[in-house]
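Engineer: Structure incoming, see below.
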Amino acid sequence: MITSVIGYLAYILGSAALIMYLTKKYPKKIFQYIPGIVIIYLVTMLMYSVGLWQMNDDITAARKFIQNNFVPMMVFLMCLRCNVKSILKLGPKLLAIFFAGSLTVCIGFFISFLLIGRNLDHGADIFAIVNASYVGASQNFLATANALALPDANWGDLLLMVNIPYAIWVMLLVIAGPYADRFNKWTKADVSSIHAVAKDLDAAEEAKYFNDQDILIVCAVSVVAVAVCRFLAELTPEVGFINASVWEYLYVTLLGLFLAPTRAGKLKGSDEIASFLILVTITVAASYTNILQIGDSVWFIVACFLALFIHAALLVFFAKRFHWDLHSICTSSIANVGGPSSAPAVCGFYHKSYVSIGVLMAALGCIIGTFVGLLMNQLFLMFV
């Protein structure tokens, strides 16, 4: 049994590195259906469940340090790469499809909460956190969870509700790809304009090379940004549900967006550092969840599937009404539900034109995800 902090960190970094290595080495195996990030969650929860480590005082302190500091750094760096000008290049049609995906996710979770979630322990908080994740990504999930201070005892329900439906949803979106021609004929969709937009986006891509100095600069900028935002958050008075923790995530998000069009937004290595922080924090988040308690989480999982079903049904309705194609609405869905880690891989199954579109849609989800989660939490609390 692992009882030391160094042993705990060795597992956190070692397991995440091994799984991500396998996803790169064998991309056509199981990893094309189940994202590596989900496997990291499930394996880590299983290892904790069988007693590989013990959550003693030292390991708990290390876990809280990582979550309290790495998550705001991650949010800042993700927003730093979200250049609003690039997102606007998607055009009104693709932006409408993305926001339709976000809106239908929120409607799905609202209906699911009314039918199931309001009767579950900490349902309003857990549903809001998953809603944030399914509009944004892992950083929005962790930011909202930290801002709402979800008790440790409820993380098992939260992680299982996020990951089991998510893994199955990714597979369903991949399976749906070959039916595009029939669907597009039914909706009378024209994809030529979408491919033209994607061509322009691909032409703007730049090769990125970075060195140790770039890594040092990115780390320094992100740490300073979080320190400044945390200082300001502590000075800002509470306004309704917006306490110091919420202010901190609002500030790091806004600061990242403000700096994105500047030279800071072009810092080399920021994407890679952000990805590293995501892998570490999601592994840590799963490291104190007992997967053997899945029976206690079944209603959370059922509620999430119900929300996704409503999301899909409404997207199909909008596609028929506005003549949207199948790959575009699937791209919107994976950009919302899966975020930057899943969107490129799933979109690549459809057509290369949708990869860049999926990346930018996912970036937009990262911007709004935390705000959506916090607002939905207040809406849910009105119906408890």
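The values are calculated or read from the model by the stated rules, or taken from the named source; none is laboratory data. Everything numeric here is computed off the predicted structure, so don't read it as measured data. We place every Cβ from the backbone using ideal geometry, glycine too, and count neighbours over all the protein chains shown.
Engineer: Scan region 146-173 for residues that are of a type in the set (A, V, I, L, M, F, W, C) and within 18 Å of residue 79 (Cβ to Cβ) and report the count.
Structural biologist: Residues of region 146-173 that are of a type in the set (A, V, I, L, M, F, W, C), as a first pass: 147-150, 153, 155, 158-162, 164, 167-173.
This time we only want the ones that are within 18 Å of residue 79 (Cβ to Cβ), so: 147.
Adding up the residues that qualify gives 1.
Engineer: Could you tell me which numbered condition residue 226 fails, if it satisfies all but one of (1) more than 30 Å from residue 100 (Cα to Cα); (2) not in a helix (DSSP H, G or I)?
Structural biologist: Exception for residue 226: condition (2).
Engineer: Within region 144-153, is there a residue that is modelled with pLDDT under 95, over 27 Å from residue 275 (Cβ atoms) and over 14 Å from the mean Cα position of the chain (by Cα)? Working first, answer last.
Structural biologist: First, pick out the residues of region 144-153 that are modelled with pLDDT under 95: 144-153.
Subsequent filtering for residues that are over 27 Å from residue 275 (Cβ atoms) retains 151, 153.
Still in the running and over 14 Å from the mean Cα position of the chain (by Cα): 151, 153.
Taking every residue of region 144-153 in turn, at least one turns out to be modelled with pLDDT under 95, over 27 Å from residue 275 (Cβ atoms) and over 14 Å from the mean Cα position of the chain (by Cα).
Engineer: Same structure again: Any residue in region 323-345 that is buried (at least 24 other Cβ atoms within 10 Å of the Cβ), of a type in the set (Phe, Trp, Tyr) and part of a helix (DSSP H, G or I)?
Structural biologist: no
Engineer: Listed residues 34, 97; which is of a type in the set (A, V, I, L, M, F, W, C), buried (at least 21 other Cβ atoms within 10 Å of the Cβ) and either at pLDDT below 90 or closer than 30 Å to residue 359 by Cβ (or both)?
Structural biologist: On the way: 34 fails: buried (at least 21 other Cβ atoms within 10 Å of the Cβ).
Only one candidate qualifies: 97.
Engineer: Please count how many residues of region 223-241 are touching a residue at least 60 places away in the same chain (Cβ under 8 Å) and among the aliphatic types (A, V, I, L, M).
Structural biologist: 3
Condition check ((1) over 19 Å from residue 15 (Cβ atoms); (2) of a type outside the set (A, V, I, L, M)) across all residues:
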residue: 231; (1), (2): yes, yes
residue: 239; (1), (2): yes, no
residue: 247; (1), (2): yes, yes
residue: 254; (1), (2): yes, no
residue: 259; (1), (2): yes, no
residue: 263; (1), (2): yes, yes
residue: 267; (1), (2): yes, no
residue: 273; (1), (2): yes, no
residue: 279; (1), (2): no, no
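Matching residues to (1) surrounded by 18 or more Cβ atoms within 10 Å (Cβ to Cβ); (2) touching a Gly at 6+ places or on another chain (Cβ under 7 Å); (3) modelled with pLDDT under 80:
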{"position": "184", "(1), (2), (3)": "yes, no, no"}
{"position": "195", "(1), (2), (3)": "no, no, yes"}
{"position": "211", "(1), (2), (3)": "no, no, no"}
{"position": "215", "(1), (2), (3)": "no, yes, no"}
{"position": "223", "(1), (2), (3)": "no, no, no"}
{"position": "233", "(1), (2), (3)": "yes, no, no"}
{"position": "244", "(1), (2), (3)": "no, no, no"}
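Engineer: Separate question: How many residues are at pLDDT 85 or above, in contact with a Leu (Cβ under 9 Å, 6 or more places away or on another chain) and of a type in the set (D, E, K, R) if we restrict to region 246-288?
Structural biologist: Of the residues in region 246-288, 1 are at pLDDT 85 or above, in contact with a Leu (Cβ under 9 Å, 6 or more places away or on another chain) and of a type in the set (D, E, K, R).
Engineer: Among all residue pairs at least 6 apart or on different chains, which show Cβ distances below 8 Å where the first residue, located in region 362-376, is farther than 16 Å from residue 110 by Cβ and the second is among the charged types (D, E, K, R) and surrounded by fewer than 24 Cβ atoms within 10 Å (Cβ to Cβ)?
Structural biologist: Pairs that qualify, where the first residue is farther than 16 Å from residue 110 by Cβ and the partner is among the charged types (D, E, K, R) and surrounded by fewer than 24 Cβ atoms within 10 Å (Cβ to Cβ), are 363/81.
Engineer: Also, I was wondering about something else. Inspect region 294-309 for any residue being of a type in the set (A, V, I, L, M) and in contact with a strand residue (DSSP E or B) (Cβ under 8 Å, 6 or more places away or on another chain) and give the result as yes or no.
Structural biologist: Here is the first cut: in region 294-309, the residues of a type in the set (A, V, I, L, M) are 294, 298, 301-303, 306-308.
Next, from what is left, pick out any that are in contact with a strand residue (DSSP E or B) (Cβ under 8 Å, 6 or more places away or on another chain): none.
No, that holds for no residue.
Engineer: Taking only pairs six or more apart or across chains, which ones have beta-carbon atoms under 7 Å, a first residue in region 79-97 that is more than 21 Å from residue 330 (Cβ to Cβ), and a second residue that is polar (S, T, N, Q) and part of a helix (DSSP H, G or I)?
Structural biologist: If the second residue must be polar (S, T, N, Q) and part of a helix (DSSP H, G or I), the pairs left are 79/253; 80/270; 81/270.
Engineer: Can we say residue 275 is crowded, with 23+ Cβ neighbours inside 10 Å, under 20 Å from residue 140 (Cα atoms), within 18 Å of the chain's Cα centre (by Cα) and of a type in the set (Ser, Thr, Tyr)? Give the derivation first.
Structural biologist: Working: crowded, with 23+ Cβ neighbours inside 10 Å: no; under 20 Å from residue 140 (Cα atoms): yes; within 18 Å of the chain's Cα centre (by Cα): yes; of a type in the set (Ser, Thr, Tyr): yes.
No, not satisfied.
Engineer: Please identify the pairs in which a residue from region 153-166 that is closer than 15 Å to residue 39 by Cα and of a type in the set (Phe, Trp, Tyr) has its Cβ atom under 7 Å from the Cβ atom of a residue that is assigned to a helix (DSSP H, G or I) and at pLDDT 85 or above, counting only partners at least 6 apart or on another chain.
Structural biologist: Correct list of pairs: 166/337.
Engineer: Going by what's in this entry, would residue 46 be described as under 23 Å from the mean Cα position of the chain (by Cα), closer than 18 Å to residue 155 by Cβ and at pLDDT below 90? Before the answer, list the steps.
Structural biologist: Values: under 23 Å from the mean Cα position of the chain (by Cα): yes; closer than 18 Å to residue 155 by Cβ: yes; at pLDDT below 90: yes.
In short, yes.
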